[in-house]
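Provided herewith is a single structure, encoded as C-alpha cells, for subsequent inquiry.
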Amino acid sequence: MLVRPRSTKPQIQQEPLLCSLQFPQQSECCSQGNRYLSRIDFSAGPRGWQQRAAGQEVLEYCAIRGKYHRGLMVLVAFWGLSEPRKQDADSLRWAMTEGWCVELLQAFLLVSDDLMDAFFTRGGQICWYQKPGIGLAAIHDAFLLEACIYHLGKLCCWEQPYYLNLIELFLQSPYQTEIGQTLDLITAPQDSVDLGRFTEKRYRSIVKYKTAFYSFYLPIAAAMYVVGIDGKKEHTDAKKILLEMGEFFWI
C-alpha cells in the first residue's frame, strides 16, 4: 500500500492530490484531471468554442475516468528515484505532465482497441464509439488523444534537457504496442477460430508488446528521464525487469 512521503521531503502545496502518493477516489482524480488537462487548447479556428467543447468531452470521457495506475506510477517512480533536494515544485509539475501523457496514451490505445475488437463496454461504461452520435468518428478522436500527448508535453517540458528523450519514448511505446496488437488480431481474427495459432510463445509476445511496454516500462522510463537518469545501461536494465513484470501481470 502506498503511503505519504516522509517529512524529509518538501511539502509542496501545488496539486496535493498526486503529491500524497495515495491512490485517491475516482471523483478526486476526475477533478484534478479536469484542472490539469484544461490547459490543452482546442479553440483554434473560426468555431473555437465548438472545437473546445468537443475536445474536452473526449478528454473527460476517455482520459479522466480511468484507474490512473500508469500515471501514478510516474509519480511514485519520481519520488523514489529523485534526490530530496530535487523534489521541487517545478520537477513535480514536469513529472505530473508525463503522468498525464501516459494516461492520454492509454486512452488513445483503448479507444482504438475497442473499435478493432468491437467491444461494447470498457471500465464499466459503454465504449466511446458506442455512444450515440460517435461511431467511426472515434477514429478521429483517438488521433486527437494521441496528438494531445505531444501538445501537453511541449507546453510543460520543451525547455528541459530530457524533452527529446521523452518524445522518442512516447513515439516508441505505441509502436511496440501496435506490434502486439497486430499479433493479437492475426492470432484471433473475429471471423475465424484456429486454436493452432494460439501458442505460449505467441501469447507471451502479445503480452510483452501489447501491454508491458506502455504499462510498465513507459511510466518508469519517463520518470527516470525527468530525474536525470538517461544512461543506456540503466534503461536497458530497467526495461528487462519491467517487461518481465508486465508479463507476470497478465499470466
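Please give the number of the condition Lys201 fails out of (1) surrounded by 20 or more Cβ atoms within 10 Å (Cβ to Cβ); (2) more than 20 Å from Leu110 (Cβ to Cβ).
Every condition holds for Lys201 apart from (1).
Right, something else. In this structure, does Asp90 turn out to be acidic (Asp, Glu) and within 24 Å of Arg39 (Cα to Cα)? Please lay out each step first, then the result.
Values: acidic (Asp, Glu): yes; within 24 Å of Arg39 (Cα to Cα): yes.
Yes, satisfied.
Further question on the same structure: In this structure, does Leu218 turn out to be free of Cβ contacts under 8 Å to residues at least 12 places away in the same chain and either of a type outside the set (Lys, Arg) or loosely packed, with under 14 Cβ neighbours inside 10 Å (or both)?
Numbers: free of Cβ contacts under 8 Å to residues at least 12 places away in the same chain: no; either of a type outside the set (Lys, Arg) or loosely packed, with under 14 Cβ neighbours inside 10 Å (or both): yes.
No; evaluated as a whole, the condition is false for this residue.
Under 7 Å between Cβ atoms, which residue pairs at least 6 apart in sequence (or on different chains) link something in the range 98-122 that is touching a residue at least 12 places away in the same chain (Cβ under 8 Å) with a partner that is crowded, with 22+ Cβ neighbours inside 10 Å and among the acidic types (Asp, Glu)?
These pairs meet every condition: Val111/Asp141.
Among residues belonging to the range 169-185 that are of a type in the set (A, V, I, L, M) and surrounded by 19 or more Cβ atoms within 10 Å (Cβ to Cβ), point out the one that is modelled with the lowest pLDDT.
Restricting attention to the range 169-185, the residues satisfying the condition of being of a type in the set (A, V, I, L, M) are 169, 171, 179, 183, 185.
Subsequent filtering for residues that are surrounded by 19 or more Cβ atoms within 10 Å (Cβ to Cβ) retains 169, 183.
Working: Leu169: 96, Leu183: 88.
Checked the range 169-185; the qualifying residue modelled with the lowest pLDDT is Leu183.
Something else: Is at least one residue of the range 62-74 modelled with pLDDT of 90 or more, surrounded by 19 or more Cβ atoms within 10 Å (Cβ to Cβ) and more than 13 Å from the chain's Cα centre (by Cα)?
No: the range 62-74 contains no residue that is modelled with pLDDT of 90 or more, surrounded by 19 or more Cβ atoms within 10 Å (Cβ to Cβ) and more than 13 Å from the chain's Cα centre (by Cα).
Out of all the residues in the range 205-233, which are closer than 20 Å to Gly99 by Cβ, in a helix (DSSP H, G or I) and either of a type outside the set (Ser, Thr, Tyr) or in contact with a Cys (Cβ under 9 Å, 6 or more places away or on another chain) (or both)?
Filtering the range 205-233 down to residues closer than 20 Å to Gly99 by Cβ leaves 211-230.
This time we only want the ones that are in a helix (DSSP H, G or I), so: 211-226.
Hits for the range 205-233 are Ala212, Phe213, Phe216, Leu218, Pro219, Ile220, Ala221, Ala222, Ala223, Met224, Val226.
Being modelled with pLDDT under 95 and of a type in the set (D, E, K, R) is the filter; apply it to the range 147-168 and report the residue that is surrounded by the fewest Cβ atoms within 10 Å (Cβ to Cβ).
Glu159
Only one of these conditions is not met by Phe119: (1) assigned to a helix (DSSP H, G or I); (2) surrounded by fewer than 19 Cβ atoms within 10 Å (Cβ to Cβ). Which number is it?
The failed condition is (1).
Further question on the same structure: Which residue, of Gln14, Gln25, Gln87, is in contact with a Lys or Arg (Cβ under 8 Å, 6 or more places away or on another chain) and modelled with pLDDT under 50? Give the derivation first.
Details: Gln25 fails: in contact with a Lys or Arg (Cβ under 8 Å, 6 or more places away or on another chain); Gln87 fails: modelled with pLDDT under 50.
One residue alone meets the criteria, Gln14.
Looking at the range 59-109, which of the residues that are in a loop (DSSP other than H, G, I, E, B) and either in contact with a Gly (Cβ under 6 Å, 6 or more places away or on another chain) or of a type in the set (Phe, Trp, Tyr) (or both) is nearest to Leu152 (Cα to Cα)? Walk me through it before giving the result.
We begin by selecting, within the range 59-109, every residue in a loop (DSSP other than H, G, I, E, B); these are 63-68, 82-83, 87-88.
Adding the requirement that they be either in contact with a Gly (Cβ under 6 Å, 6 or more places away or on another chain) or of a type in the set (Phe, Trp, Tyr) (or both) leaves 64, 68.
Working: Ile64: 15, Tyr68: 17 Å.
Top of the filtered list is Ile64.
The values are calculated or read from the model by the stated rules, or taken from the named source; none is laboratory data. Please read all numbers here as calculations on a predicted model, not as lab measurements. No Cβ is skipped: glycine too gets one built from the backbone with ideal geometry, and neighbour counts run over all protein chains shown.
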